[in-house]
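Encoded as structure tokens, the structure appears first; notes follow it.
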Amino acid sequence: MEKFLQTCFLALLCLFGSTFSAQSKVAESPGADLLHRFAGPTVSPHSGDTHRGGETLSDTFFPSYSASPDNLTIRQASFSPFRGPGGTTGQPDNPTTLPSSVSRLPSQRGVIPSDTITGLIRDSGTLYLELATSVATDSLDLRFWDHLVSQRKSVTPGTSVAIPAREGNMFEGSRNYYVFTTPFPDADSHGFFSIGKGRNALAKHWIYFPGDRLRIRTDLLAGSLVFGGPDADFYRLQYEVDLAFREEQFNTAPVLLFTDSATFLQDPVKAGLWTQSGTRPQDIFVRLRLVESTEEAWSEFEAFANNSWLDHPAMKVLERYVSLLPPERLDLVETAIKGQLFYTGINKAEAAWPHIQKDPQKVARLREWVAGFWLTDSPYSHPLLAQGLYQWSIMEAMAGQKPISEVFAALPNPLREEVIAFYILDNFNRMEDRLPGIIAQNLPLVESPWIRERLEALADSDSRMFSAAGMYLEDGSMLNPKALEGKTLLIHFWISGCKFCLYDYQTVMRELSATYADDDQVQIVTVNADASPDTWRKSLATGDYTSESALNLWVPKGTGLLKSHRIHSFPQKLLVSPDGHIQLQTINHQSVDELSTKLESMRPASTPAFSPPQTTDL
């Protein structure tokens with residue numbers, strides 16, 4: 001009986017906006033990267049989508065520990081990973097005579113990574129994964145990215161394929177294990193991969209080189225992860241770096257950002273647990289800290305910023321591998337460490353920003369901390385580094401009262417272009433009619449072909465044509481797209497369990513549906529993206545999400561216009577003109593009057609009377 005490992009090979013990038021704080025409340029699909037946002041994620045009971053919302057966030061100040069370097073190039077020797085600009089890397093003069101790792105298999109001692117050997121022929125890159133048979137494999141995921149700016153589906157989502165597993169045997173030393181074998185995919189220089197079992201990440205955004213040969217054995221119940229193969233040291237290093245961050249998080253008191261903790265503690269259960277937490281031995285336990293002001297948030301940032309990233313435990317791990325790995329691989333992992341620490345610190349600063357921006361000395365202190373990462377001359381990038389620099393660029397633009405593009409321009413590539421990619425690709429559905437101008441302004445700063453292609457496609461008006469294919473009516477029949485031709489459309493996307501979808505219907509969509517119920521020129525359409533049509537029908541029956549006067553449709557998740565228009569956040573809206581061009585795609589909350597004005601401005605001079613939806617059998 002075959003088991004399957006889900007593998008993912010990169011899909012291309014998608015896009016996002018220029019405001020410092022969120023302009024709307026939305027829900028995002030699984031995989032959306034919502035770490036350290038002011039609005040903590042909640043989970044839909046039906047679709048599995050995560051929602052951006054709420055007034056508090058328990059992980060605002062948690063250390064970030066998802067290793068995921070991105071699109072890096074070889075660092076020059078003058079930029080040391082350990083001593084800063086002008087230092088030395090401490091690497092041996094001859095990389096082909098590196099000492100062997102004591103943790104390698106006996107038959108592998110003295111073997112060094114393939115990228116340090118010139119002229120040596122080896123087999124193609126392979127990942128050989130063993131998973132203990134005590135754990136079911138149905139939900140095991142393996143994902144690959146050849147470019148990674150963000151794990152959000154709207155940016156670099158990946159594509160899933162199934163790889164069969166086989167039973168291990170005693171002759172290969174894999175008895176009682178399921179065995180999965182897959183080649184490392186091609187990449188420009190290196191890529192990234194993640195291995196997960198349900199919510200447990202065995203590896204998250206680790207770097208790989210296409211020619212690497214690696215064996216990993218894991219037993220989730222025993223809590224073990226061991227490595228073999230010629231390139232084992234590189235992956236063992238990334239695993240140990242992850243452990244360093246996880247152990248730090250484990251021993252760091254969580255922080256909750258509040259406007260009024262007294263109200264929060266009025267709940268008797270919470271108040272009792274809070275009191276109990278104060279009685280625990282402080283040498284073993286950590287206790288939640290409640291931060292109620294931006295001044296307190298500044299103190300949190302200062303405490304974090306006083307510790308140099310060079311002294312972080314993850315850097316100590318990296319130093320142990322100096323004699324075992326070539327400089328490029330060490331620099332890639334160092335960039336991952338810097339990215340995690342920078343992203344964590346900048347989120348602390350963002351929480352304190354209302355207090356910081358009033359005090360020039362605090363702004364100067366923040367700039368000093370940013371400068372300490374030596375990023376202005378760095379030829380490397382990393383997803384968290386790019387996202388953190390995007391947040392910093394907004395703050396710097398506000399502090400210096402200058403355009404954000406001016407801040408971007410001061411960064412080196414590939415950092416600069418990946419910050420721009422995150423800025424646009426993760427915010428495009430907030431930018432509305434500003435999008436073409438923003439792309440035109442930033443495109444000259446981009447060098448990487450894959451980013452240029454994504455931005456140019458987004459700016460291409462011909463690609464903004466609406467397609468009504470693949471949408472289903474409540475009776476299970478497929479909507480005939482001709483039923484919507486020649487009409488002005490307001491399309492509202494929603495999912496069950498999304499509290500902002502409920503709010504948007506109650507405050508906006510219900511009134512609009514009633515207003516245009518008998519209009520033969522304007523059609524209000526709702527599109528549900530639940531995983532199951534049964535869940536959609538149950539939600540329709542409640543009357544809480546949509547009205548019978550709207551045309552209510554369902555699209556299978558990840559298909560049709562959800563895929564073609566990159567709909568991953570909810571609620572979201574499209575405005576489509578009678579000629580089929582998308583005039584607006586937005587997740588920004590808009591009032592009844594705002595949407596009515598836009599609909600009226602798009603109304604055709606004349607159009608055929610509205611006819612009931614035509615259907616075709618499945």
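The values are calculated or read from the model by the stated rules, or taken from the named source; none is laboratory data. Remember, it's a predicted structure, so these values are computed and weren't measured experimentally. No Cβ is skipped: glycine too gets one built from the backbone with ideal geometry, and neighbour counts run over all protein chains shown. With ligands, DNA and RNA removed, areas are computed over all heavy atoms of the protein, side chains included. Shrake-Rupley method; radii C 1.70, N 1.55, O 1.52, S 1.80 Å.
A few remarks follow.
- Listed residues Cys498, Val525, Leu484: farthest to the positive end of the dipole of region 480-531 (Cβ charges): Cys498
- In a reduced charge model with +1 at each Lys and Arg Cβ and -1 at each Asp and Glu Cβ, region 548-608 shows a dipole moment near 340 debye about its Cα centre.
- Dipole in debye (nearest 20) - region 437-586, about Cα centre, beta carbon charges: Lys, Arg +1; Asp, Glu -1: 420
- Ratio of the Cα radius of gyration of region 173-236 to 2.2 N^0.38 Å, where N counts its residues: 1.15
- Per residue Cα convex hull volume in Å³ - calculated over region 464-599: 96
- Rounded accessible area per residue of region 460-515, 1.4 Å, Å²: 40
- Sparse-neighbourhood loop sites, trypsin sites (Lys or Arg not before Pro) in region 155-215 - DSSP loop, at most 10 other Cβ within 10 angstrom: Arg199
- In terms of the mean number of neighbouring beta-carbon atoms within 10 Å, the peptides 264-275, 321-332, 414-425 order highest first as 414-425, 321-332, 264-275.
- Rounded percent of accessible protein surface that carbon and sulfur make up, region 142-251, 1.4 Å probe: 50
- Candidates per GluC sites (Glu not before Pro) in region 502-598, loop by DSSP, up to 11 other Cβ within 10 Å: Glu548
- Taking a straight Cα-Cα cut-off under 26 Å and skipping sequence neighbours fewer than 8 places away in the same chain, the lysines within cross-link reach of Lys338 are Lys153, Lys204, Lys316, Lys348, Lys362.
- Rolling a 1.4 Å probe over the protein heavy atoms of region 405-497, with every protein chain left in place, gives an accessible area that is 50 percent carbon and sulfur.
- Cα-based Rg and Dmax for region 401-505, where Dmax is the largest Cα-Cα distance (Å): 18.6, 56
- Quotient of Cα Rg and 2.2 N^0.38 Å for region 267-398, N being how many residues it contains: 1.29
- The GluC sites (Glu not before Pro) of region 245-322 that DSSP puts in a loop, and whose beta carbon has at most 15 other beta carbons within 10 Å, are Glu292.
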